[in-house]
1. What's the local net charge at PHE194, with K and R +1, D and E -1, over the other residues with C-beta under 13 Å away?
2. Using the 10 angstrom Cβ neighbour count as an exposure proxy, how do SER141, SER78, SER299 rank, fewest first?
3. Order by neighbour count: GLU231, GLU386, fewest other Cβ atoms within 10 Å first, most last.
4. Sorting check: for 84-91, 317-324, which peptide has the highest mean count of neighbouring beta carbons within 10 Å, and how do the rest follow?
5. Apply the Karplus parameterisation 6.51 cos²θ - 1.76 cosθ + 1.60, with θ equal to phi minus 60°, to every residue of segment 359-369 and state each ³J(HN,Hα) to the nearest whole Hz, in sequence, with x for glycine and proline.
6. Cross-link candidates for LYS309: which lysines have Cα within less than 21 Å, leaving aside residues fewer than 8 places away along the same chain?
7. Cut-off is 10 Å between beta-carbons; in what order do SER220, SER301, SER418 appear when sorted fewest neighbours first?
Amino acid sequence: MNAELPEDNQARMLEPTQIGQSPALDGPKNRRHLLRILFVHRCVADVESCLYELKRVGFAVTSELVVTPEQFAKQLQSQPFDLVLAEYPSSNWPETLVLDSLKQFRDEIPLIYLAHQLKRETVADLILKGAYDCIEMDSISHLPVTIHRAQEEKSLRSERDRAEKDLGRSEARYRALTGNLNYAICRCALNGSFLEANEAIVAMLGYASREELLSMNLGSDVIRNSDKLMELFRRPSGSGLVDAIEMDWSRKDRTTVKVYLSGREVLSERGDSRTYELIAEDVTKQRELESHLRLEAASDSLTGLANYKRLVDALNMEIKRCERTGRQFALLLFDLDGLKRINDHYGHVTGSQALCRIADVLSFCCRDIDTAARFGGDEFALVLPETSAVAAALVAKRICDCVANDGKGPKLSVSVGSAIYRENGERIESLLSAADLAMYAMKLRTGAVTESGRFSTGLQLASAANRGAKGAGS
């Protein structure tokens with residue numbers, strides 16, 4: 001039985017974990033950065049399980065453990081933390097008080113909820129309210145990757161905020177930067193001709209010398225769009241500063257560099273000659289990294305489909321769109337039948353391959369506007385914008401047929417349930433619940449529910465069958 005802390009227990013410092021060896025996450029960043037975690041949890045055993053997983057993959061961690069709101073607020077105000085891991089639900093805390101308190105004191109710290117069992121609709125609600133993610137203790141091995149992604153995203157946000165703040169410069173700052181090789185600086189006439197340039201902008205744009213660049217034109221040779229140049233020069237505010245903007249520039253070899261641009265309008269002493277001093281920061285690699293991290297954070301590592309967090313975002317976006325247009329969209333939930341039997345009989349590698357086969361079929365049957373996701377275990381989802389119940393039923397049948405006849409072994413089958421926006425619900429939670437009940441109604445009809453034992457009472461069985469028939473459109 002897990003040991004629990006009494007409510008009046010004081011905040012406790014847990015023993016720091018030591019750096020381990022792991023090919024997955026062990027690297028220079030993990031070795032030099034000490035991860036500071038604040039646990040909001042009553043169960044010491046669960047906390048120690050989290051620390052063990054982090055130690056196993058190479059994180060160095062110090063942690064504090066609190067159990068009451070007063071202790072939590074005191075710790076947030078007394079020392080910095082990189083992350084908060086909180087028990088959910090907790091008898092000590094009303095619903096989302098941890099999240100609300102974090103927003104009040106340290107809004108920039110990611111919060112990950114830890115639970116022994118969570119409904120999908122609850123996870124969706126917590127993420128929409130501001131939690132970074134939710135992890136079940138049965139899947140605690142996913143914690144290190146989730147934390148790694150949270151820290152990378154936090155770091156990128158901090159760097160972007162610093163860059164935006166630094167680019168609000170005074171005239172003295174502009175002139176001091178002219179000789180700085182870390183920033184590309186130039187002065188241009190209203191028609192785009194270069195008047196001055198430092199070595200950094202010459203190198204960034206790939207020209208052999210300053211003289212060669214000065215013979216070019218910012219509008220026609222670099223921005224490659226004279227209308228965009230005039231739009232840029234029409235942007236100065238009353239203070240004469242050019243509002244910061246991100247745009248693509250063309251190098252000498254016609255490759256593209258993405259720049260974060262700011263500047264100011266400069267008038268001659270007589271006030272009749274307008275030129276512009278510009279600072280351009282190359283953010284190409286930063287944007288590529290952000291794009292990669294966004295894709296990684298939104299993707300399931302096994303199948304490459306969207307993960308649960310991305311699914312919640314897609315559903316939220318579709319609900320908002322349909323509120324504007326009054327149209328429908330459909331949600332399909334799929335469950336691979338007999339995954340446990342496949343794992344037991346053929347091995348877990350074959351079981352993983354079976355999940356990937358399902359993912360391949362979903363990807364093949366998707367339109368560009370659809371979102372296919374795996375949100376854990378043997379369950380998948382498909383969001384179908386602009387889709388009626390009849391069309392959703394046809395899509396579901398086509399996917400089931402493709403899975404059953406993909407020509408690979410062992411032979412697979414899936415159970416499917418559907419929900420239609422407004423007809424079966426107007427919130428993410430209600431749509432997921434309706435599709436889930438419809439899916440398990442299908443399992444009951446086909447006998448595929450025997451291993452899960454999902455429904456244990458006659459009332460639940462009847463509810464699933466009734467709502468499932470409506471949700472599937474059959």
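Readers should treat all values here as calculations from the given coordinates under stated rules, not as data from a laboratory. All of these numbers come straight from a predicted model, not from anything done at the bench. When we count neighbours, we look across all protein chains shown, and the Cβ atoms used for this are built from the backbone with ideal geometry, even at glycine.
1. Neighbourhood net charge equals -3.
2. Values: SER141 12, SER78 9, SER299 17.
Lowest count first: SER78, SER141, SER299.
3. On the way: GLU231 13, GLU386 16.
Arranged by neighbour count, lowest to highest, GLU231, GLU386 become GLU231, GLU386.
4. Numbers: 84-91: 19.8, 317-324: 14.4.
Those peptides, ordered most packed to least, come out 84-91, 317-324.
5. 4, 4, 5, 4, 5, 5, 8, 7, 8, 4, 8
6. LYS103, LYS119, LYS129, LYS154, LYS320
7. On the way: SER220 15, SER301 10, SER418 29.
By the 10 Å Cβ count, ascending: SER301, SER220, SER418.
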